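K.L.:
Let me begin by handing over the structure; questions about it come next.
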Amino acid sequence: MAGAPALAAPETVDASGRRWFYRHPVVIRVAHWINAGVLLVLLMSGLQIFNAHPALYWGAVSTFDDPALAITSEQGRDGTNRGVVTIGAHSFETTGVLGLSREGGTAVDRAFPAWATLPADQDLTTGRRWHFLFAWFLVINGVVYLLYGLFSGQLRRRLIPDGDQIRDFGGSVKEHLLLRFPEGEEAKRYNVIQKLTYLVVVLVLLPAMVLAGLAMSPGVDAAWHWLPELFGGRQSARTIHFIAAGLLVLFVVVHVVLVLVSGFVNNMRGMLTGWFSLGRPEKETAR
């Protein structure tokens, strides 16, 4: 089962009668793993940057007395500090997780704990350098993925739902809720929920996050003053950037859970080698 073009030789049968489908071409696989590493660095360095001013606002300027979200620490009635997350007019204690965490047995006032940031120490300058460098990796990798997908037809096959899938959208939702996953011929293509989710992530969420990030740059603002205005101001762009990052984290968590419950070994083999097992033919299985 040496690597072969996905559309030229999509399927084969081994000596035991098991069917194999070449599900992920090499460019898709490489782009996937580069994205995984790049997004991890971007997330951790982004949290380092956020820690320098752990609050979000709407508009063009920071309204310090009225943040949309803030992660801080404050002194409780018993005299001890506690971590607090404030969203609008509502506050939640988050001691030990957000706002106040322990480092070496000592309580530290910090929005996100050291283990979640890059670098671990409070270092805004280094965090920004990591973030900006890997943002370029994300953009370049995304452009390569999109160009390859367009010219190879993979983008259409992977992201655009087929007519029968759209008509059976409700059925697909039910199957997901029951943790039932496609087998045999149907496993050759992503289901409608996968396609729509990937479509939103690739064509909406990631571009919005990149543009919102650019809108926060003073240099970009000076050249393209319309960009921050597109988001309603630099502070709104920062908030949207943060929200988009949070939605990406949620997507990754759900994605990993589904990989685990739908067949970890088969899914990982597919993303490492390209080959995905479809099992044995139905006639053989029924014997």
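The values are calculated or read from the model by the stated rules, or taken from the named source; none is laboratory data. If you're wondering where the values come from, they're calculated on a predicted model, not measured in any experiment. Here Cβ is always computed from backbone atoms with ideal geometry, including for glycine, and neighbour counts include all displayed protein chains. Just so you know, the surface numbers come from the protein's heavy atoms only, side chains and all, with ligands and any DNA or RNA stripped out. Shrake-Rupley method; radii C 1.70, N 1.55, O 1.52, S 1.80 Å.
K.L.:
So how many residues does segment 150-168 have that are without any contact (Cβ under 8 Å) to a residue 24 or more places away in the chain and out of contact with any Gly (no Cβ under 7 Å at 6 or more places or on another chain)?
P.N.:
Selection size over segment 150-168: 6.
K.L.:
Consider residue 59 against the criteria (1) under 21 Å from residue 246 (Cβ atoms); (2) touching a Gly at 6+ places or on another chain (Cβ under 7 Å); (3) assigned to a strand (DSSP E or B): it satisfies all of them except one. Which criterion is unmet?
P.N.:
Against the list (1) under 21 Å from residue 246 (Cβ atoms); (2) touching a Gly at 6+ places or on another chain (Cβ under 7 Å); (3) assigned to a strand (DSSP E or B), residue 59 comes up short only on (3).
K.L.:
Here is a check on your reading of the model: is residue 41 part of a strand (DSSP E or B) and open to solvent by less than 40 Å² (accessible area, probe 1.4 Å)?
P.N.:
Taking the combined requirement at face value, the residue does not satisfy it.
K.L.:
Anything in segment 15-31 that is buried (at least 18 other Cβ atoms within 10 Å of the Cβ) and either within 18 Å of residue 244 (Cα to Cα) or among the β-branched types (Val, Ile, Thr) (or both)? List them, or say none.
P.N.:
Correct list: 28 only.
K.L.:
Quick check on segment 179-195: of everything there that is outside any loop (DSSP other than H, G, I, E, B) and of a type in the set (Asp, Glu), which residue is most open to solvent (accessible area, probe 1.4 Å)?
P.N.:
It comes out as 185.
K.L.:
Between 71, 34, 49, which is of a type in the set (Val, Ile, Thr) and open to solvent by less than 20 Å² (accessible area, probe 1.4 Å)?
P.N.:
71
K.L.:
List the pairs whose first member sits in segment 173-196 and is without any contact (Cβ under 8 Å) to a residue 24 or more places away in the chain, whose second member is of a type outside the set (Phe, Trp, Tyr) and in a loop (DSSP other than H, G, I, E, B), and whose Cβ atoms are under 7 Å apart, counting only residues at least 6 apart or on separate chains?
P.N.:
If the second residue must be of a type outside the set (Phe, Trp, Tyr) and in a loop (DSSP other than H, G, I, E, B), the pairs left are 182/191.
K.L.:
Something else about it: Does residue 232 satisfy being on the phi > 0 side of the Ramachandran plot and modelled with pLDDT of 90 or more?
P.N.:
Against the criterion (on the phi > 0 side of the Ramachandran plot and modelled with pLDDT of 90 or more), residue 232 qualifies.
K.L.:
Could you tell me whether segment 59-66 includes any residue that is within 21 Å of residue 238 (Cβ to Cβ), among the acidic types (Asp, Glu) and out of contact with any helix residue (DSSP H, G or I) (no Cβ under 6 Å at 6 or more places or on another chain)?
P.N.:
Checking segment 59-66: at least one residue is within 21 Å of residue 238 (Cβ to Cβ), among the acidic types (Asp, Glu) and out of contact with any helix residue (DSSP H, G or I) (no Cβ under 6 Å at 6 or more places or on another chain).
K.L.:
Then there's this: Can you give me the number of residues within segment 74-92 that are without any contact (Cβ under 8 Å) to a residue 24 or more places away in the chain and open to solvent by 70 Å² or more (accessible area, probe 1.4 Å)?
P.N.:
Here the count works out to 11.
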